[in-house]
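Notes follow the structure.
The values are calculated or read from the model by the stated rules, or taken from the named source; none is laboratory data. For clarity, every value in this text was computed on a predicted model and none was experimentally measured. Reconstructed Cβ throughout: ideal geometry from the backbone, glycine too, with neighbour counts over all protein chains shown.
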Amino acid sequence: MSREKFGFVEVYERARRHIASAVRSFVRPADVEDILQEAFLRCYESKDHSTVTHHQAYLYRTAINLAINHSVRADNRLTTSLEGLDNSHQFSGEGDLETQIISRERLALYCGIVSELPSQCRRAFILKKVYGLSQREIATFLRISENTVEKHVAKGILLCAQKMKEIDKANSPRRNPDGRSSHG
C-alpha cells in the first residue's frame, strides 16, 4: 500500500464518525454503513487520489453526494410505488379528501416557488429545509461561508413566503363593503 493510501486510511478512520453523522441527515440509519463503505472505496480507488490535497473534505463530499443520490433514488421508488396504488381507495369523508387535495396543490405551488429561487439560494434552502443539514455542513458541501448559507436560507424563506402570500391574496374571494363575497 502506498504511503498516500495509508494516510488516506488514517484520515478515514479519524473522520468516520463526523462523516457518518452528516450522512445520517440524508439516509436511513440502516443505509449509513453502506454509504460510508462505498465512499471510502471510491476515494481509495480513485485515479485522482494523488492530486487530492484535503482527503477529509474529499471523503466528506463523496459520502454526501452518495447519500443524496441514495435518498433521491429512494424518493423516486416511493413516488413510483405510491402512483401504483389503487385509485379506488375510499377516503373517510369529503372534508378529508378536500383537505388532501388543497394540501397537495399548496405543496406543488410551494415546490414550484422553490424551484424558481436563484441556484445557490435554492441549493442552500433545500439542504437546510428538506435535508436538515446544519449551516456548517451546508457551507462545507457548497464551499461557501456559513454566513452566506444563512443569508441564502433567509432569502429563500422570505421569497417563498412572499410568493405564497401573493398567491393566497390572488386566490381569495373579494369582499363587498357589506362583508359578502363577490365572484367577479
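What the table below lists for this structure:
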item: Residues located in the stretch 149-175, provided they are touching a residue at least 24 places away in the same chain (Cβ under 8 Å) and surrounded by 15 or more Cβ atoms within 10 Å (Cβ to Cβ); result: Val149, His152, Val153, Lys155, Gly156, Leu159, Cys160, Lys163, Ile167
item: Unique residue being modelled with pLDDT of 80 or more and in a helix (DSSP H, G or I) when the list is Ala74, Ala39; result: Ala39
item: Search result, residues across the stretch 102-145 that are at positive phi and either in contact (Cβ under 8 Å) with a residue 24 or more places away in the chain or part of a helix (DSSP H, G or I) (or both); result: Gly132
item: Qualifying residue in the stretch 139-146 (condition: β-branched (Val, Ile, Thr) and touching a Phe, Trp or Tyr at 6+ places or on another chain (Cβ under 8 Å)); result: yes
